[in-house]
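Here the structure is laid out as structure tokens; the discussion comes afterwards.
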Amino acid sequence: MAEIATIARPYAEALFKATASDLDGTAGWVDELAAIAANPQLLQFADNPKVEVSQVFEVVAGVAKSALPDAAKNFLRMVIENGRLAALPEIAAQFRALKNARSGSSDATVFSAFAIDAEALANVSSALEKRFGRKLNLTVALQPELIGGIRVVVGDEVLDTSIKARLEHMKLALTA
């Protein structure tokens with residue numbers, strides 16, 4: 001995995017420097033391209049020696065939900081021409097890390113057993129920002145096996161207030 005990180009770093013840094021005036025917009029399209037590039041069938045298609053760079057570009061650009069700006073198209077062409085499509089998810093992750101470092105924020109994933117409405121998410125966000133001491137960029141993922149409550153992952157820190165975690169703690173206490 002270190003090899004992909006090493007390959008991705010110069011691309012992420014160059015993209016960060018080139019798009020410093022619109023980091024949020026760039027983060028949006030680079031994340032979308034990374035999600036597309038993570039598809040194993042697309043990577044297999046791109047690795048086929050009979051497939052041309054323009055064909056791979058058209059497939060990726062065609063799958064994108066939003067119209068790609070010129071910077072995104074140029075970046076995508078460069079990544080495909082250099083045979084680095086498989087590194088695109090790591091490039092996106094490193095770009096987001098650079099963006100977060102500049103803004104002093106962190107990405108956080110909130111796992112919940114049920115959908116969270118906007119008002120409740122705002123309350124959770126403010127409480128978590130106080131708890132972790134920094135601005136958080138929240139994404140919500142459903143995990144029905146949590147039964148209730150939430151589990152928050154911020155980098156390598158985990159805050160688990162789910163019912164499943166409480167049941168596990170009770171189980172350990174009873175069997176000890």
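The values are calculated or read from the model by the stated rules, or taken from the named source; none is laboratory data. No experiment lies behind these values; they were computed from the predicted model shown. A quick note on method: Cβ atoms are made from the backbone with ideal geometry, for glycine too, and the neighbour counts reach across all protein chains shown. Areas reflect the complete protein model, heavy atoms only, side chains present, ligands, DNA and RNA absent. Shrake-Rupley method; radii C 1.70, N 1.55, O 1.52, S 1.80 Å.
Answer yes or no: is there a residue in region 51-59 that is over 19 Å from the mean Cα position of the chain (by Cα), outside any helix (DSSP H, G or I) and of a type outside the set (Lys, Arg).
Yes, region 51-59 has at least one match.
Which of the residues belonging to region 41-79 are surrounded by fewer than 13 Cβ atoms within 10 Å (Cβ to Cβ) and under 24 Å from PHE16 (Cα atoms)?
LYS65, SER66, ALA67, ASP70, ASN74
Against the definition (at pLDDT below 95, surrounded by 14 or more Cβ atoms within 10 Å (Cβ to Cβ), part of a helix (DSSP H, G or I) and among the aliphatic types (A, V, I, L, M)), how does ALA34 come out, yes or no?
no
ALA20 is checked against (1) open to solvent by less than 70 Å² (accessible area, probe 1.4 Å); (2) at pLDDT 95 or above and fails just one. What number does that condition carry?
Failing condition for ALA20: (2).
Restricting to region 60-80, give me the number of residues that are under 12 Å from LEU33 (Cα atoms) and assigned to a helix (DSSP H, G or I).
11
When both residues are 6+ apart or on different chains and their Cβ atoms are under 9 Å apart, which pairs have a first residue that lies in region 11-24 and is farther than 18 Å from ASN82 by Cα, and a second that is of a type in the set (Asp, Glu)?
So the pair list comes out empty.
Return only the number of the condition from (1) open to solvent by 80 Å² or more (accessible area, probe 1.4 Å); (2) touching a helix residue (DSSP H, G or I) at 6+ places or on another chain (Cβ under 6 Å) that TRP29 does not satisfy.
With respect to (1) open to solvent by 80 Å² or more (accessible area, probe 1.4 Å); (2) touching a helix residue (DSSP H, G or I) at 6+ places or on another chain (Cβ under 6 Å), TRP29 is out only on (1).
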